[in-house]
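Engineer: Attaching a single structure in structure tokens format; questions to follow.
The values are calculated or read from the model by the stated rules, or taken from the named source; none is laboratory data. Keep in mind the model is a prediction, meaning the values are calculated, not measured. Note that each Cβ is placed from the backbone with ideal geometry, even for glycine, and that neighbours are counted across all protein chains shown.
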Protein chains: 2
Amino acid sequence: MAAYRAPLKDIQFLLNNVFAVERLFASMPDTAEVTDDLISAIVEEAGKIAEGLLSPINQSGDREGCHFSDGVVTTPKGFKEAYTAYAQGGWAGLTGDVNYGGQGMPKMLSALIEEMAFAANSSFALYTILNTGATLTLSQHGSEELKQRYLPKMYAGTWSGTMCLTEPHAGTDLGMIKTKAAPNNEGSYQLSGTKIFITAGEHDLTENIIHFVLAKLPDAPAGARGISLFLVPKFLLDESGDLSGERNKVSCGSIEHKMGIKASATCVMNFDSAIGYLVGEPNQGLSHMFTMMNYERLSMGLQGNGLADSSYQIASAYAKERVQGRAASGALQPDQNADPILVHPDVRRMLLTIRANVLAGRALSLYAASQLDISRFHPDESIRFRAQQLVALLIPVQKAYCTDRGFEACVLGQQVLGGHGYVAEWGLEQNVRDARIAQIYEGANGVQALDLIGRKTVRCGGELLKILLSEMDEFLVSQEGVESMQPYLSVFNRCRQRLLESTETVIARAAENPDEIGAASYAYMELMGLTLYCFMWQRILTAAFAEQTLASSDSGYTDGLIKTGQFFMDRLLPRAESLVAEIASGADSMMSMKAEQF
Amino acid sequence: MAAYRAPLKDIQFLLNNVFAVERLFASMPDTAEVTDDLISAIVEEAGKIAEGLLSPINQSGDREGCHFSDGVVTTPKGFKEAYTAYAQGGWAGLTGDVNYGGQGMPKMLSALIEEMAFAANSSFALYTILNTGATLTLSQHGSEELKQRYLPKMYAGTWSGTMCLTEPHAGTDLGMIKTKAAPNNEGSYQLSGTKIFITAGEHDLTENIIHFVLAKLPDAPAGARGISLFLVPKFLLDESGDLSGERNKVSCGSIEHKMGIKASATCVMNFDSAIGYLVGEPNQGLSHMFTMMNYERLSMGLQGNGLADSSYQIASAYAKERVQGRAASGALQPDQNADPILVHPDVRRMLLTIRANVLAGRALSLYAASQLDISRFHPDESIRFRAQQLVALLIPVQKAYCTDRGFEACVLGQQVLGGHGYVAEWGLEQNVRDARIAQIYEGANGVQALDLIGRKTVRCGGELLKILLSEMDEFLVSQEGVESMQPYLSVFNRCRQRLLESTETVIARAAENPDEIGAASYAYMELMGLTLYCFMWQRILTAAFAEQTLASSDSGYTDGLIKTGQFFMDRLLPRAESLVAEIASGADSMMSMKAEQF
């Protein structure tokens, strides 16, 4: 297996040339010290960790998997040492609240670090992501006391966090959860119930595990409005906040045997009158979770993108080395038996598809992350609010489209290697298995698509989309008169227009028949994703053309970007036409089948 | 995991209503006795074997995998018993030459049996498929002596066959193989070399294993024109044709650790002056293999389709039982907490996509199989020749398109189950892993696409396509005046026209730039596949409307077919528009990237 290399050049180009992050961060007091130099230093160091610490235990972790015995989960060889090194490097608290030991770094930065971690070792990355999500929930909704007692150790990585939502009968529909929280006399609660699919629910990486658990208070309203959020530590703390040595009544019943992410422990967690503490307001558990979920969903898109990049690296290296057959236009290496398979157009099609989507996907993720940063750090409330609205619209697309394209990329990368891609040795089949989960967890992609078109579009009459369209228009105006960009802009504009028309179609139809929303949802998410990727490519192309005029530029690199952008327009964007037709066909051909005809 | 059920109703409808096989078989003397009753009896019996013998050891076989120790391969628990029962049932020789103990049955029949076997247990099916392919090669190209000594035992299933083509450095490009065959003084040869990815190269299911090996004679011409075919038994025979007890010098060096089909032994085979016998003419090995390859490739498409059907069965049953959320149009089960997820349009989209493609894929496979049967059994040479030409065109599409749609179907089925699809319990993640190989082996799908557009289209100036178009036109003429069909026919006609135009575009461009062929290849294969699926749906719809007029018809069933066909036209066929645009964009955006820019 080819070793994973952090894509530092691409990252620098996006941060500096496309997004001009230093200017953005300088505009907000809390990020003013995040200079290009600081970013470069952090990204490079994170790249070294991905390459040197995480990648080397990726295949071995998959092969060995997690072990379960009598409630104890042991992670594969090397994971504990790597996690300790990761924690000691200060990475667990990178974006954390500075008042509790976090480093207050922006999400644009940590997004790139997450992508590299997922690319190098998705199972490992999950332990870190879950902790980040848990600390975010606690820092936003927890009481001062809870924050002081738990956040510093979680930011230090000596304790880790989980999210306990799903139950055997309640996944997407969390309103049906049965886990109960009964108040006791000490201001805390006793939680009882069973949670499944709990990532990092039990493991040997940290001294303590802090569970964030959705449960119902006595007499809570029915459904989603009766869910509260609780903090349930594996080991209880003493008065001073240290480990008391007393084990709480929460335990791991078993771990799942899964298609992939085998080194990530996916646990059944049993709560048997476990002591827990209310986080935030009673019955507001779901909405408290949702803040965190935007960040978690962004991470899943990054997993898809990271594994796609890893697959690209392996497949492109293979395509340059593996000789088989001849170039159609005549032998490239007449003195040898055959040419590298990179001479074949169809091999290039597969590689360029991955590459074009990885770059656009990373740009879209950074774009969404920038809105998260603005909504967190910007001093102007109206600007924060606008960014929040963009986040609400962008995240479901970024999550679903980047994970779909990521999985597709891993499959394509595997295909480049033929039979060698199907055997374990090269690592590509593991990438396929590991990438697959990102389309499923944190809200399956169909649920993201429904969120996008339902709550985020139809229910608000397309208001959020208008904000996005104004961002696109602003860009289009900025490019008026830029000659090199005109062919691309017209293609983009057409796509943007098609998206708008499809949106209006669906909004109009939904008023007549609510099933029109779900019937359009997936194709609509794909159309929005494709349009956003096209938007990102416009911005990359603009930056590449601008960079090319500089004497200092690496013209081979920018030329490669421009050609990849052309491939995107020629070969990937046409899919928009069929998506528009699929949306236009409406709900009838889905809904007319009777249940017994399936 | 839901148990696999043989799709007998769908099969009967296709055989009787769509393809009228009794009439076809009655028109050829060698198949005149294959009546509807005989077909029904055989299909039903095969269904029982798939359900009762193969399906029960599918998951356990995946979990256990094959064992390798000191050259000995042991299949998972239950495989040997199942294989023995399968052989004793007479299934190994079903399509075999009647002069050597085969049963001379048509491919249309065995295709359905193969699909069911792959659906129930792909690893198991591979042992049988390889043997069928080996016997076909031997019966077509072997000497009378070789046929008499080997075929009866292979048809009886007491010996099994393999195909030894690939070497570490030579997969697609077999011209580079290094395995050598040196003549000895006894009319036989001594083979030396290493073959990889040899399915069923070593196992414990049969008394002997007969390898069909590509190798080079001394002073053979370079490249593909210098390859000969040899029969190399694991155990040598005595004069009377019984096992001599002497082990030939062919041995298994190791087995691969693969993504899926884990109960199928994929072997590295070492030939160390192993005794072999020339099959057919010297240096004609590749062309001897190609006859067999049309059958093998058809089988791979059937694997994709079978696993898709299996995934559909599990996912549709789950979608009817799993309650989560509410129908958008109001609660379906107001007295319960939630509705079955089948109420959600997007779940229906996933299920209908699978179902529409499974039916079309099975029909296309039967259509290709019917041409194989005509080319084998028809008394009129010109009709045989025409059928051979259709086979040449159809097989690469059927192989690539059915396996792509099959894999996609398994992924969609898995998605319907959400997290439950990602864990091993339900069997869907195994289907995904098992289906993936079908896109890769027997000529990766990119190679099929290139074969289709290169050798089968551009190089013959579109002559083969004209035959297919005339079949389509004949159908269109037959439907003139059939009112119920008119909306479908116009959609089909447009698609047919788009295919023709794209073909002409590529042929014209290829004259200027040979890379245009490869650049168009994959989208062209997909366009042809989609058009053929549309053609198959026309025929299914015609049959369904006709059946609906009969008092004896099951109107719920035919109505379901018609609705599924409408879904195909509304939701799947629009992809053709973007494929046409992708093809039209040409080779530049693939070929302009320099190697170092990848």
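Engineer: Considering the range A:199-245 alone, what residues qualify as being among the β-branched types (Val, Ile, Thr) and within 28 Å of A:Ser287 (Cα to Cα)?
Structural biologist: To start, the set of residues in the range A:199-245 that are among the β-branched types (Val, Ile, Thr) comprises A:199, A:206, A:209-210, A:213, A:227, A:232.
Matches in the range A:199-245: A:Thr199, A:Ile209, A:Ile210, A:Val213, A:Ile227, A:Val232.
Engineer: Here's another thing I want to ask about it. Quick one: in the range B:244-287, which of the residues that are of a type in the set (Val, Ile, Thr) and away from every other protein chain (no Cβ under 14 Å) is farthest from A:Val411 (Cα to Cα)? I'd like the intermediate steps shown before the answer.
Structural biologist: The first filter runs over the range B:244-287 and keeps only residues of a type in the set (Val, Ile, Thr), leaving B:250, B:255, B:261, B:266, B:268, B:275, B:279.
Of the ones still in play, those that are also away from every other protein chain (no Cβ under 14 Å) are B:250, B:275, B:279.
Numbers: B:Val250: 35, B:Ile275: 40, B:Val279: 38 Å.
Checking each candidate, the answer is B:Ile275.
Engineer: Specify the residue that is nearest to B:Glu145 (Cα to Cα); the eligible residues are those in the range B:188-207 that are away from chain A (no Cβ under 14 Å) and part of a loop (DSSP other than H, G, I, E, B).
Structural biologist: Restricting attention to the range B:188-207, the residues satisfying the condition of being away from chain A (no Cβ under 14 Å) are B:188-194, B:200, B:202-207.
Filter once more, keeping what is part of a loop (DSSP other than H, G, I, E, B): B:188, B:200, B:202-207.
Values: B:Ser188: 13, B:Ala200: 25, B:Glu202: 25, B:His203: 26, B:Asp204: 27, B:Leu205: 25, B:Thr206: 22, B:Glu207: 20 Å.
If we take residues in the range B:188-207 being away from chain A (no Cβ under 14 Å) and part of a loop (DSSP other than H, G, I, E, B), then B:Ser188 is nearest to B:Glu145 (Cα to Cα).
Engineer: Right, here's the next one. Looking only at the range B:50-83, how many residues end up being surrounded by fewer than 17 Cβ atoms within 10 Å (Cβ to Cβ), acidic (Asp, Glu) and farther than 17 Å from B:Cys252 by Cα?
Structural biologist: 1
Engineer: Same structure, new question: Residue by residue through the range A:222-264, note down the ones that are of a type in the set (D, E, K, R) and either touching a residue at least 24 places away in the same chain (Cβ under 8 Å) or in a strand (DSSP E or B) (or both).
Structural biologist: Step one: of the range A:222-264, the residues of a type in the set (D, E, K, R) are A:225, A:234, A:238-239, A:242, A:246-247, A:249, A:256, A:258, A:262.
Of everything in the range A:222-264, those that are of a type in the set (D, E, K, R) and either touching a residue at least 24 places away in the same chain (Cβ under 8 Å) or in a strand (DSSP E or B) (or both) turn out to be A:Arg225, A:Lys234, A:Glu246, A:Arg247, A:Lys249, A:Glu256, A:Lys258, A:Lys262.
Engineer: For the range A:433-443, enumerate the residues that are in contact (Cβ under 8 Å) with a residue 60 or more places away in the chain, within 15 Å of A:Met259 (Cβ to Cβ) and not aromatic (Phe, Trp, Tyr).
Structural biologist: As a first pass, look at the range A:433-443 and keep what is in contact (Cβ under 8 Å) with a residue 60 or more places away in the chain: A:433-439, A:441-443.
When the remaining residues are screened for being within 15 Å of A:Met259 (Cβ to Cβ), the result is A:433-439, A:441.
Result: A:Arg433, A:Asp434, A:Ala435, A:Arg436, A:Ile437, A:Ala438, A:Gln439.
Engineer: Among what's in the range B:107-142 and is under 12 Å from the mean Cα position of the chain (by Cα) and of a type in the set (S, T, N, Q), pick the residue that is farthest from B:Leu286 (Cα to Cα).
Structural biologist: Filtering the range B:107-142 for residues that are under 12 Å from the mean Cα position of the chain (by Cα) and of a type in the set (S, T, N, Q), the one farthest from B:Leu286 (Cα to Cα) comes out as B:Ser122.
Engineer: Still on this structure, please answer the following. B:Leu332 is checked against (1) assigned to a loop (DSSP other than H, G, I, E, B); (2) crowded, with 22+ Cβ neighbours inside 10 Å and fails just one. What number does that condition carry?
Structural biologist: Evaluating B:Leu332 over (1) assigned to a loop (DSSP other than H, G, I, E, B); (2) crowded, with 22+ Cβ neighbours inside 10 Å leaves (2) as the failure.
Engineer: Let me ask you something else. In the range A:149-187, what count of residues is obtained for those that are assigned to a helix (DSSP H, G or I) and more than 25 Å from A:Gln439 (Cβ to Cβ)?
Structural biologist: Residues of the range A:149-187 that are assigned to a helix (DSSP H, G or I), as a first pass: A:149-156, A:174-176.
Okay, now just the ones that are also more than 25 Å from A:Gln439 (Cβ to Cβ), so A:149-156.
Selection size over the range A:149-187: 8.
Engineer: Further, regarding this structure: So for the range A:442-452 (the condition being touching a Phe, Trp or Tyr at 6+ places or on another chain (Cβ under 7 Å), within 30 Å of A:Gln538 (Cα to Cα), part of a helix (DSSP H, G or I) and at the interface with another protein chain (Cβ under 10 Å from one of its Cβ atoms)), does at least one residue qualify?
Structural biologist: yes
Engineer: Continuing with the same structure: For A:Met528, work out the one condition from (1) among the aliphatic types (A, V, I, L, M); (2) within 10 Å of another protein chain (Cβ to nearest Cβ); (3) more than 16 Å from A:Tyr488 (Cα to Cα); (4) surrounded by 20 or more Cβ atoms within 10 Å (Cβ to Cβ) it doesn't fulfil.
Structural biologist: Only one criterion is unmet by A:Met528, namely (2).
Engineer: Suppose we filter the range A:453-488 for residues that are within 14 Å of another protein chain (Cβ to nearest Cβ) and acidic (Asp, Glu); how many remain? Show your work before the answer.
Structural biologist: Of the residues in the range A:453-488, the ones within 14 Å of another protein chain (Cβ to nearest Cβ) are A:453-455, A:458-459, A:487-488.
Those left that are additionally acidic (Asp, Glu): none.
Going through the range A:453-488 one residue at a time, the tally reaches 0.
Engineer: Something else about it: Take the residues of the range B:560-592 that are out of contact with any Pro (no Cβ under 6 Å at 6 or more places or on another chain), facing chain A (nearest Cβ under 7 Å) and charged (D, E, K, R): which is farthest from A:Pro574 (Cα to Cα)?
Structural biologist: By that ranking, first place goes to B:Lys563.
Engineer: Further question: How many residues are over 24 Å from A:Arg575 (Cα atoms) and in contact (Cβ under 8 Å) with a residue 40 or more places away in the chain when one looks only at the range A:465-477?
Structural biologist: Qualifying residue count, the range A:465-477: 1.
Engineer: Can you tell me which residue within the range B:320-332, out of those that are within 7 Å of chain A (Cβ to nearest Cβ) and under 18 Å from A:Thr166 (Cα atoms), is nearest to the chain's Cα centre (by Cα)?
Structural biologist: The first filter runs over the range B:320-332 and keeps only residues within 7 Å of chain A (Cβ to nearest Cβ), leaving B:320, B:324-325, B:328-329.
Subset that is under 18 Å from A:Thr166 (Cα atoms): B:324-325.
Working: B:Gln324: 37, B:Gly325: 39 Å.
Filtering first and then ranking leaves B:Gln324.
Engineer: Count, please, the residues in the range B:537-561 that happen to be more than 31 Å from the chain's Cα centre (by Cα) and loosely packed, with under 15 Cβ neighbours inside 10 Å. Don't jump to the end; show me each part of the working.
Structural biologist: First pass over the range B:537-561, keeping only residues more than 31 Å from the chain's Cα centre (by Cα): B:548-553, B:555.
Now drop any that are not loosely packed, with under 15 Cβ neighbours inside 10 Å, which leaves B:549-552, B:555.
Total meeting the criteria: 5.
Yes or no, residue by residue, for (1) buried (at least 22 other Cβ atoms within 10 Å of the Cβ); (2) at pLDDT below 95; (3) of a type in the set (A, V, I, L, M, F, W, C):
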{"position": "A:Met269", "(1), (2), (3)": "yes, no, yes"}
{"position": "A:Asp272", "(1), (2), (3)": "no, no, no"}
{"position": "A:Pro282", "(1), (2), (3)": "no, no, no"}
{"position": "A:Gly285", "(1), (2), (3)": "yes, no, no"}
{"position": "A:Thr291", "(1), (2), (3)": "no, yes, no"}
{"position": "A:Gly306", "(1), (2), (3)": "yes, no, no"}
{"position": "A:Ser311", "(1), (2), (3)": "yes, no, no"}
{"position": "A:Ala317", "(1), (2), (3)": "no, no, yes"}
{"position": "A:Glu321", "(1), (2), (3)": "no, no, no"}
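Engineer: Residues that are of a type outside the set (A, V, I, L, M) and in contact with a Ser or Thr (Cβ under 6 Å, 6 or more places away or on another chain), at least 1 per element: which helices (runs of 4 or more DSSP H) completely within the range B:45-148 meet that?
Structural biologist: On the way: elements: B:58-64, B:79-88, B:107-120, B:122-141.
Passing ranges, in order: B:58-64, B:107-120, B:122-141.
Engineer: So, in the range B:333-351, exactly how many residues are more than 7 Å from chain A (Cβ to nearest Cβ) and either in contact with a Phe, Trp or Tyr (Cβ under 7 Å, 6 or more places away or on another chain) or not charged (D, E, K, R) (or both)?
Structural biologist: Pass one, the range B:333-351, residues more than 7 Å from chain A (Cβ to nearest Cβ): B:333-336, B:339-341, B:343, B:347, B:350.
From what is left, the residues that are either in contact with a Phe, Trp or Tyr (Cβ under 7 Å, 6 or more places away or on another chain) or not charged (D, E, K, R) (or both) are B:333-334, B:336, B:340-341, B:343, B:347, B:350.
Selection size over the range B:333-351: 8.
Engineer: Right, here's the next one. Looking at the range B:513-555 only, could you name the residues that are at pLDDT below 95, small (Gly, Ala, Ser) and in contact with a helix residue (DSSP H, G or I) (Cβ under 9 Å, 6 or more places away or on another chain)?
Structural biologist: Just the residues of the range B:513-555 that are at pLDDT below 95, to begin with: B:548-555.
Narrowing further to those that are small (Gly, Ala, Ser): B:551-553, B:555.
Within the range B:513-555, B:Ser553, B:Ser555 qualify.
Engineer: Let me ask you something else. Return the total of residues in the range B:238-248 being loosely packed, with under 15 Cβ neighbours inside 10 Å and closer than 19 Å to B:Phe271 by Cβ.
Structural biologist: Taking the range B:238-248 first, the residues loosely packed, with under 15 Cβ neighbours inside 10 Å are B:238-242, B:244-247.
Of the ones still in play, those that are also closer than 19 Å to B:Phe271 by Cβ are B:244, B:246-247.
Number of matching residues: 3.
Engineer: Check whether at least one residue in the range A:191-198 is closer than 30 Å to B:Gly427 by Cβ and either in contact with a Leu (Cβ under 8 Å, 6 or more places away or on another chain) or free of Cβ contacts under 8 Å to residues at least 40 places away in the same chain (or both), and report yes or no.
Structural biologist: First pass over the range A:191-198, keeping only residues closer than 30 Å to B:Gly427 by Cβ: A:193-198.
Filter again for either in contact with a Leu (Cβ under 8 Å, 6 or more places away or on another chain) or free of Cβ contacts under 8 Å to residues at least 40 places away in the same chain (or both), leaving A:195.
Yes, the range A:191-198 contains a residue that is closer than 30 Å to B:Gly427 by Cβ and either in contact with a Leu (Cβ under 8 Å, 6 or more places away or on another chain) or free of Cβ contacts under 8 Å to residues at least 40 places away in the same chain (or both).
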